[in-house]
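Visitor: Structure provided below as structure tokens; questions to follow.
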Amino acid sequence: MNRREVYENPLLSRYSSKEMAGIFSENTKFSTWRRLWIALAEAEQALGLPITDEQIAEMKAHADDINYEDAERREAETRHDVMSHVYAYGLQCPNARPIIHLGATSAYVGDNTDIIVMRSALKLIASKLVRLLGTIARFAETYKDTPTLGFTHFQAAQLTTVGKRASLWLQDFYLDYLEIKRLADELPLLGVKGTTGTQASFVELFDGDLGKTGSLDAMLAEKMGFSRVIALSGQTYTRKIDSWVLNALSGIGQSANKMTNDIRLLQHLKEVEEPFESKQIGSSAMAYKRNPMRSERVASLSRYLINLAADPAYTAATQWFERTLDDSAGRRIYIPQSFLTADAVLDICGNITSGLVVYENVINERIMSEIPFMATENILMEAVKKGGDRQDLHEKIRVHSMEAGKRVKEEGLPNDLLKRIAGDPAFGLTEDDIEKLLTPRDYVGRSAEQVEEFITKYIQPVLDENKDAIAPEARLRV
């Protein structure tokens, strides 16, 4: 069937990277199943079960050349994916056939593979977060001294700097990195726990030797590159682990949505603009438009990513006793799609932040239209130094501010607050005196120092630690 005649997942065809799609591919999944069966056989052999070197060698010889057609035909008959692949593997490995999957349950390959795949995906996400941290840090460093109007409630507030505002985005993604890195480092393997988590089948295999049964988990974990297994489980690992992981990915969506919302608002104000290519079209009707389509795409994907985290939470909350199967179909969808979405979000955010354009003249014009109000506290202090009464002058500033604001809002005229104050003899200040109090950099506090301190103390160590493992810059497909 022609691919244009059936639905294609846009996460694969438009947004996410080939690397992330590869991690969740069938080849990765089923070759991992086979590696787990090999590891189990090796551990069981080492603990004394009658498994030969020839059987293990035969399994290794066919670890990657998966006979999908045999497995698919068998699954059509049995409706059981794991046993279908056990059967298909056995066709390729007739000598090893009797010991493939010995003592194990479906969750042995299913759950352990999910953990292995999620750890690989978390490592890729971490590398993309590091790349994004570097991109935003460079932008924040470049504009750490550039004053800009701050907003609270999207109303004019005290000044900040362009770089300080970007450092707020940077800090959110840094917190995401810490959580993703923690999960990648600490995810436990399920190990081999049996049908209800008691390892009873392995106790039977080892003729009641509890010590051998207990050591099987540790041996398997080491073979699969894990430092530990989960301490307790039913047949499956607790689904809270899925919820932890997807909550961490949701955090990336939260950070990305916040940042790109800011960028969209700033682009409306014509202060900052996301990259816009020479032949890019902003609107099919309004040819002059430069819509923030990248930031809008991030907002859209981020909402989806945030909402996906609800599914594993409900799944964890509604599991029955030692195992139920109402988690299986959903997990096949929301785990890979969460990673694919987070991957796409980070790639687009990297593209945006590496090409942000700052319009300093527009920013300065807006500052100067609002700074008369911000300067009133300094003006008040200067007038008191010259002998004025603080309480009387405060009331006069309030009255003058209301009148100046009314003139701006109702008549569309320039803000004349400073002229009003200069013309009021109670202040004892000339226009030149007041002009000296209007330097924007005098109103940004420790913005530049905060940026420097944060990057030096928190971000640079991460960049240095990961300098050989930063994901390459992604090229957007649309």
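Visitor: Compute the angle between helix 376-385 and the longest alpha-carbon principal axis of the chain, please, reported from 0 to 90 degrees and rounded to the nearest 10.
Guide: For 376-385 against the chain, the angle is about 50 degrees.
Visitor: By how many degrees, 0 to 90 and rounded to 10, does the Cα axis of helix 360-374 deviate from the longest principal axis of the chain?
Guide: 60 degrees
Visitor: Across the range 342-478, how large is the tail of the calculated P(r) beyond 28 Å, expressed as a percent of all Cα pairs?
Guide: In whole percent, the share of Cα-Cα pairs in the range 342-478 beyond 28 Å is 45.
Visitor: Mind pulling the angle between the C-alpha long axis of helix 390-411 and the longest principal axis of the chain? Nearest 10 degrees, somewhere in 0 to 90.
Guide: So the helix axis and the longest Cα principal axis differ by about 80 degrees.
Visitor: Follow-up. Along the charge dipole of the chain, pointing to its positive end and built from +1/-1 on Cβ of Lys, Arg, Asp and Glu, which listed residue (S354, G211, A39) has its Cα farthest out?
Guide: S354
Visitor: Putting +1 on Lys and Arg Cβ atoms and -1 on Asp and Glu Cβ atoms, find which of T439, I397, A375 reaches farthest to the positive end of the dipole of the range 320-452.
Guide: The one lying farthest along the dipole's positive direction is I397.
Visitor: Return the whole-Å distance between the Cα centroid of the range 79-158 and the Cα centroid of the range 293-362.
Guide: 12 Å
Visitor: Over the Cα atoms of the range 376-437, what is the Rg over Rh ratio if Rh follows Kirkwood?
Guide: So for the range 376-437, dividing Rg by the Kirkwood Rh gives 0.98.
Visitor: Taking a cut-off of 21 Å between Cα atoms, list the lysines near K406, but don't count ones fewer than 8 places away on the same chain.
Guide: The qualifying lysines are K396, K419.
Visitor: From the backbone phi of the range 431-437, what are the Karplus-calculated ³J(HN,Hα) couplings (6.51 cos²θ - 1.76 cosθ + 1.60, θ = phi - 60°) in whole Hz, Gly and Pro given as x?
Guide: Values per residue, Gly and Pro as x: 5, 5, 4, 6, 4, 5, 9 Hz.
Visitor: What does the helix-only formula give at 222 nm for the chain: each DSSP H stretch with n ≥ 4 adding -39500 (n - 2.57), the total divided by the residues, and the result rounded to the nearest 500 deg cm²/dmol?
Guide: Only helices count here, giving -20000 deg cm²/dmol.
Visitor: Can you pull the one-decimal nm distance between simple spin-label points at N67 and K18, each 7 Å off the Cα toward Cβ?
Guide: Calculated label separation equals 3.0 nm.
Visitor: If the viscosity is 0.890 mPa s and the temperature 25 °C, what translational diffusion coefficient in µm²/s does Stokes-Einstein give for the chain when Rh comes from Kirkwood over Cα pairs?
Guide: Roughly 92 µm²/s, to the nearest whole number.
Visitor: Within the range 237-279, report the trypsin sites (Lys or Arg not before Pro) that DSSP leaves as loop and that have at most 14 other Cβ atoms within 10 Å. Please report the intermediate quantities before stating the final value.
Guide: Details: sites: R239, K240, K258, R264, K270, K279; in loops: R239, K270, K279.
The qualifying sites are K270, K279.
Visitor: In the structure displayed, which of K60/K128; K181/K240; K29/K60; K258/K467; K144/K457 lie more than 25 Å apart, Cα to Cα?
Guide: Over 25 Å Cα-Cα: K60/K128; K258/K467.
Visitor: Starting from the amide H of A157, placed 1.01 Å from N in the peptide plane, find each other amide H under 5 Å away whose residue is 5 or more places distant or on another chain.
Guide: The list, which skips near neighbours in sequence, is G150, F151, T152.
Each reported figure results from applying straightforward, stated rules to the coordinates on display, with no laboratory input. This is a predicted model, so every value here is computed, not measured. Glycine gets a Cβ as well: all are built from the backbone with ideal geometry, and neighbour counts include every protein chain shown.
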